[in-house]
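The next block holds one structure in the form of structure tokens; read it before the comments.
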Amino acid sequence: MHSSEQWATRTARIVDTVEQAILGKRSAVESALGALLAGGHLLIEDIPGVGKTTLAKALARSLDCEFRRIQFTPDLLPSDVTGTSVFNQRTLEFDFRPGPIFSNIVLADEVNRATPKTQAALLECMEERQVTVDGHTHELAPPFFVLATQNNIELSGTYPLPEAQLDRFIARISIGYPTYDDELGIMSSQSAGMPIDSIEPAIDAGGVLALQRAVRGIRIDISVQTYIVDLVTSTRNHPTLHLGASPRGTLALMRLSQARALIQGRDFVAPDDVKSCAVHALAHRLIVRAEHRLKGTMAQECIEDILSRTPVP
């Protein structure tokens, strides 16, 4: 039986390991780890060059799990992701050859550069943890975590993720520019090599599964559950929003809040956990009305407005 302090020590060791390669972004690292421990998938959306792929690879290296990277391009086919059946001349039968999605940690790099048909190949994998090819279903071994990246400023040659695909991600985060001192630190750390190459695993697959089970055991009081439902319901009634969050968004906010509580060393969810996770869990599920979008209103602003208006238990 592990105490909350022991779980927090384990997660802190993972975060410290990842920070060897991505300096000054502990909040983003903890959010990425929280998405993994909550049993979901993560979308990292930001401008080029701030460390999206580095964060993904560093997190994967800190976990002693099977890792595969898929570079999404316009000519990538669904079978390049899921695998394909190949005819075996000896047995006169078709043998299934698994694609790179059959891994524990999958980096879908620049996911919005692939066609909608290929993007859709991820839907069943992410939601049902399985792949169906030629009528045969193949289970994906746990832990299974898709970490996708995309640039939010490039439109040429990209295919924006549809709402159904975005909804499969438990969270969407950004990294942002480093501070002045952190950027100096980045230069110093990479002057003689790449820190990511020296990262050693901090935990194995069994440890990840144990942490995921521990997250499910984090207590969440009925008052905090009510607070979560109040927040999500408000997105459906907000005058600026055309589409609010679905019940999947409610569950995502709950799981992320539980994961944050565990990372913080508590065995219960506090309102601050919910407030901290609300934007990451909900913003990518919302659609701002066209007239407000033209004025530059973002979904994040709507959530912040809802947070300021909703009574905290």
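For segment 54-64, the criterion of being in contact with a Phe, Trp or Tyr (Cβ under 7 Å, 6 or more places away or on another chain), part of a helix (DSSP H, G or I) and buried (at least 21 other Cβ atoms within 10 Å of the Cβ) is satisfied by at least one residue. Is it fair to say H292 is in a helix (DSSP H, G or I), touching a residue at least 12 places away in the same chain (Cβ under 8 Å) and closer than 13 Å to T240 by Cα? So H292 fits the description; yes.
Here V146, V224 are screened, and the one residue that is hydrophobic (A, V, I, L, M, F, W, C) and over 15 Å from L42 (Cβ atoms) is V224. Test L256 against the stated conditions and say whether it is buried (at least 18 other Cβ atoms within 10 Å of the Cβ), under 24 Å from S27 (Cβ atoms) and not polar (S, T, N, Q). Considered against the rule, which asks whether it is buried (at least 18 other Cβ atoms within 10 Å of the Cβ), under 24 Å from S27 (Cβ atoms) and not polar (S, T, N, Q), L256 comes out as yes. Residues considered: Q165, Q212. Of these, the only one that is farther than 25 Å from D272 by Cα, surrounded by 12 or more Cβ atoms within 10 Å (Cβ to Cβ) and within 20 Å of the chain's Cα centre (by Cα) is Q165. The residue of segment 47-102 that is modelled with the highest pLDDT, among those that are more than 25 Å from the chain's Cα centre (by Cα) and among the aliphatic types (A, V, I, L, M), is V86. Checked against (1) in a strand (DSSP E or B); (2) closer than 18 Å to F169 by Cβ, V86 passes all but a single condition, namely (2). Given the criteria surrounded by fewer than 17 Cβ atoms within 10 Å (Cβ to Cβ) and assigned to a strand (DSSP E or B), does R68 qualify? It is true that R68 is surrounded by fewer than 17 Cβ atoms within 10 Å (Cβ to Cβ) and assigned to a strand (DSSP E or B). A8 meets the stated requirement of being surrounded by fewer than 20 Cβ atoms within 10 Å (Cβ to Cβ), aliphatic (A, V, I, L, M) and assigned to a helix (DSSP H, G or I). For segment 162-171, filtered to residues that are part of a helix (DSSP H, G or I) and of a type in the set (A, V, I, L, M, F, W, C), the residue that is modelled with the lowest pLDDT is A164. Looking only at segment 33-50, residues that are within 15 Å of S174 (Cβ to Cβ) and either among the acidic types (D, E) or surrounded by fewer than 24 Cβ atoms within 10 Å (Cβ to Cβ) (or both) come to 6 in all. Filtered by the rule that a residue be surrounded by fewer than 11 Cβ atoms within 10 Å (Cβ to Cβ) and part of a helix (DSSP H, G or I), segment 172-205 gives Y180, D181, M187, S188, D197, S198. Could you tell me whether segment 217-238 includes any residue that is touching a Lys or Arg at 6+ places or on another chain (Cβ under 6 Å), assigned to a helix (DSSP H, G or I) and under 30 Å from R10 (Cα atoms)? No; the residues of segment 217-238 include none that is touching a Lys or Arg at 6+ places or on another chain (Cβ under 6 Å), assigned to a helix (DSSP H, G or I) and under 30 Å from R10 (Cα atoms). Report yes if R113 is more than 27 Å from A210 (Cβ to Cβ), free of Cβ contacts under 8 Å to residues at least 24 places away in the same chain and over 17 Å from the mean Cα position of the chain (by Cα), otherwise no. No: the conditions fail for R113. For beta carbons closer than 6 Å, sequence separation of 6+ or different chains, a first residue in segment 59-84 that is assigned by TED's automatic domain parsing to the domain that holds F145 and a second that is charged (D, E, K, R) and in a loop (DSSP other than H, G, I, E, B), the qualifying pairs are F72/E110.
The values are calculated or read from the model by the stated rules, or taken from the named source; none is laboratory data. Please read these numbers as outputs of a predicted model, since none were measured by experiment. Ideal geometry is used to build each Cβ from the backbone, glycine not excepted, and the neighbour counts take in all protein chains shown.
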